[in-house]
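Before any comments, here is the structure.
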Amino acid sequence: MPKRPIILSAIFAMLVPASPTLADDATCSCRHLESIQQELKNAEALLELQKKIARELEAIEAPLIEAKKDPTHPDSDVNIYDRSLRERTRIVSRFQFPYPKVKGYTGPEEIKMRYGTCEQPTQDLDALRSGSQCRELADINLAHEAAHRAECTAMGAAEYWKRLPSKMAAEEVARYQEQAAALRRLLKKVLDDGEMTVEARMEPRLQGPQFDVTYSYVTGPIQLKGKSSGADEWSLEGKGVQVGRIARMRLAGMTCSSTGQLNTGVDLTMRTDGLTMALTGKSTSAPGDVKVQCRGGHGMSMRPQNEVGNGAYFSGLEVRTETNFSREVKDMEFAKRLAGGGLSASGKETIRVKLICPGD
């Protein structure tokens, strides 16, 4: 049903949480990413709810239907509909939407199907469309409504409305399966149409006896490429360079200066399902040297070539049009190794992931 349709179809209400921002009639893009994600999470939560309702109400109704066949059975006069409906009300009372107010939705809070008919008010359906965040989201929610009306018409209004609550929930299961699948397809489309980039900056400060050096490492931006190709989880990959320099240095009480840079090839892989993301990387040292000048002497880095390292940057972060993530240098593996040699490491690494939408 509409935004998060019929939880309580037997009492003819289709719930539609409201949202404070104005809607538009634009084609959905990654500008609407958060709204699409919230719609999907709500639809999936309602799908599980309706599965639970259908399963538990069927367990209540089936033995009562059998009891009706035997007038001497103690439950033969039980009102099956009433008992089943009370149990459904109990289940629904414990349910909470992941997102009670979906970002950008300004349509009606409910859409009702007139009891005994297969009709819904045209003005409410029009308000759902005009209050939706973007065109495809409106189409998906309206398709949910249209499928209910079609089911009612095919069955006949009289038969449709006299079904037991478990059968009503079973219909909702089918509707939410369709809705969640359509929302996931839309989510993948808007991400495929966008461009994902990653950039990182780290300034670790290493300190020890007669040693205080702050380094600067800048990575990217690196463009990640990859399409969902229909899969619910997919990878994006990209290549770039990390540039390392010495920002500040003090050795044995002397302030030193440096020139040159260290170059590192970086291969990034992002795994995502459109809702969350995980980023890993592999680094390979490339040609590049740093020269250091102190009072009374100088030196040059002797960095090994083609030295390889790999590891995870983050996992489980929500996919957004822009995500900023930071972590403490002291918690990184290289800092723990340095601590064993008498050096302390401090500072932060910051990572920015940007999703650039078409037209931005």
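The values are calculated or read from the model by the stated rules, or taken from the named source; none is laboratory data. Here the structure is a predicted model, which is why all the values come from computation and not from measurement. Methodologically, a virtual Cβ is constructed for each residue, glycine included, from the backbone with ideal geometry; neighbour enumeration extends over all protein chains shown. Heavy atoms of the whole protein, side chains included, go into the accessibility calculation; ligands, DNA and RNA do not. Shrake-Rupley method; radii C 1.70, N 1.55, O 1.52, S 1.80 Å.
Of the residues making up segment 175-199, those that are over 30 Å from residue 225 (Cβ atoms) and open to solvent by 30 Å² or more (accessible area, probe 1.4 Å) are 177, 178. The residues on offer are 278, 345, and the sole one that is open to solvent by less than 60 Å² (accessible area, probe 1.4 Å) and either modelled with pLDDT under 90 or within 18 Å of residue 220 (Cβ to Cβ) (or both) is 278.
Check every one of the helices (runs of 4 or more DSSP H) wholly within segment 108-181 and list those with 2 or more residues that are without any contact (Cβ under 8 Å) to a residue 24 or more places away in the chain and farther than 21 Å from residue 48 by Cα.
So the answer is 122-130, 135-155.
Residues in segment 217-239 that are surrounded by 13 or more Cβ atoms within 10 Å (Cβ to Cβ), farther than 18 Å from residue 356 by Cα and among the small types (Gly, Ala, Ser): 0 in all. Of the listed requirements (1) of a type outside the set (Val, Ile, Thr); (2) buried (at least 16 other Cβ atoms within 10 Å of the Cβ); (3) in contact with a Ser or Thr (Cβ under 8 Å, 6 or more places away or on another chain), residue 324 misses just one: (2).
Is at least one residue of segment 73-82 assigned to a helix (DSSP H, G or I), polar (S, T, N, Q) and at negative phi? First the steps, then the outcome.
Initial filter on segment 73-82 (assigned to a helix (DSSP H, G or I)): 80-82.
Of the ones still in play, those that are also polar (S, T, N, Q) are none.
Looking through segment 73-82, none of the residues is assigned to a helix (DSSP H, G or I), polar (S, T, N, Q) and at negative phi.
The numbered conditions (1) open to solvent by less than 30 Å² (accessible area, probe 1.4 Å); (2) out of contact with any helix residue (DSSP H, G or I) (no Cβ under 8 Å at 6 or more places or on another chain) are all true for residue 272 except (2). Of everything in segment 120-146 that is among the polar types (S, T, N, Q) and under 16 Å from residue 182 (Cβ atoms), the residue that is surrounded by the fewest Cβ atoms within 10 Å (Cβ to Cβ) is 133.
Does residue 67 qualify as being open to solvent by 20 Å² or more (accessible area, probe 1.4 Å) and farther than 28 Å from residue 141 by Cα? So residue 67 fails the test.
Could you list, in sequence order, all residues of segment 313-335 that are modelled with pLDDT of 90 or more, out of contact with any helix residue (DSSP H, G or I) (no Cβ under 6 Å at 6 or more places or on another chain) and closer than 21 Å to residue 216 by Cα? Scanning segment 313-335 gives 313, 314, 324, 325, 326, 327, 328, 330, 331. Condition first: out of contact with any Gly (no Cβ under 7 Å at 6 or more places or on another chain), part of a loop (DSSP other than H, G, I, E, B) and either open to solvent by less than 30 Å² (accessible area, probe 1.4 Å) or at pLDDT 95 or above (or both). Can you find one or more residues in segment 44-57 that meet it? Within segment 44-57 (the criterion being out of contact with any Gly (no Cβ under 7 Å at 6 or more places or on another chain), part of a loop (DSSP other than H, G, I, E, B) and either open to solvent by less than 30 Å² (accessible area, probe 1.4 Å) or at pLDDT 95 or above (or both)), the answer is no, since none of the residues qualifies. Within segment 20-33, is there a residue that is farther than 21 Å from residue 183 by Cβ, modelled with pLDDT of 95 or more, open to solvent by less than 70 Å² (accessible area, probe 1.4 Å) and small (Gly, Ala, Ser)? The answer is no, given that none of the residues of segment 20-33 is farther than 21 Å from residue 183 by Cβ, modelled with pLDDT of 95 or more, open to solvent by less than 70 Å² (accessible area, probe 1.4 Å) and small (Gly, Ala, Ser). (1) out of contact with any Lys or Arg (no Cβ under 9 Å at 6 or more places or on another chain); (2) surrounded by fewer than 16 Cβ atoms within 10 Å (Cβ to Cβ); (3) modelled with pLDDT under 95; (4) among the polar types (S, T, N, Q): which one isn't true of residue 301, the others all being true? Here residue 301 meets the rest and fails (1). Considering 88, 149, the condition of being open to solvent by 30 Å² or more (accessible area, probe 1.4 Å) and over 24 Å from the mean Cα position of the chain (by Cα) is satisfied by 149 alone.
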